[in-house]
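Report on the following structure.
The values are calculated or read from the model by the stated rules, or taken from the named source; none is laboratory data. Worth saying up front: this structure is predicted, and the values here are computed from it rather than measured. Note: ideal-geometry Cβ built from the backbone for every residue, glycine included; neighbour counts use all protein chains shown.
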Amino acid sequence: MRAIFLGVQRPFLHPPSETLRLESILYALADPVRLEIVRRLATGDCPLNCSTAAPAHLPKSTQSHHFQILREAGLVHSERRGTEVVNVLRLDEIEAKFPGVVSTILKAAKPLECPDAAKRGG
């Protein structure tokens, strides 16, 4: 018997703010790509889909992996809207539990350069 996929997707799991752990947040932000995603979400005026928030050179599977780690650490809230996933930074919740940690890291973070930017002259 063959299984039929009905298009039902699992909901995203987000840790409650009271269970956020500093170690998980620092681990998630230790990766330059994830730090860049968080920086872009923090500077954006509205929620961003995965493709907009992640560096353009990354395959979708790699983007998904990075967003999963950010979600599990409690840094982002992801929501499916039709065919795309929209992400919002949970900065207020994190700052309430760990004052100044993420905002200080973001102030010190420099934008991540795309690997082929040097070839394009940018």
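Go through the range 83-92 and give me each residue that's among the charged types (D, E, K, R), surrounded by fewer than 16 Cβ atoms within 10 Å (Cβ to Cβ) and not in a strand (DSSP E or B).
Correct list: ASP92 only.
Search the range 85-111 for residues that are among the polar types (S, T, N, Q) and pair each with any residue that is assigned to a helix (DSSP H, G or I) when their beta-carbon atoms are under 6 Å apart and the residues are at least 6 apart or on different chains.
ASN87/ALA53
Could you tell me whether the range 5-23 includes any residue that is surrounded by 13 or more Cβ atoms within 10 Å (Cβ to Cβ), modelled with pLDDT under 85 and over 18 Å from ALA109 (Cβ atoms)?
Yes; the residues of the range 5-23 include at least one that is surrounded by 13 or more Cβ atoms within 10 Å (Cβ to Cβ), modelled with pLDDT under 85 and over 18 Å from ALA109 (Cβ atoms).
Please determine, by comparing only the residues of the range 38-82 that are closer than 16 Å to HIS14 by Cβ, of a type in the set (A, V, I, L, M, F, W, C) and in a helix (DSSP H, G or I), which one is modelled with the lowest pLDDT.
CYS50
Give the number of residues within the range 70-82 that are surrounded by 13 or more Cβ atoms within 10 Å (Cβ to Cβ) and out of contact with any Ser or Thr (no Cβ under 9 Å at 6 or more places or on another chain).
Qualifying residue count, the range 70-82: 4.
Quick check on the range 105-122: of everything there that is surrounded by 11 or more Cβ atoms within 10 Å (Cβ to Cβ) and closer than 12 Å to ARG39 by Cα, which residue is modelled with the lowest pLDDT?
LEU112
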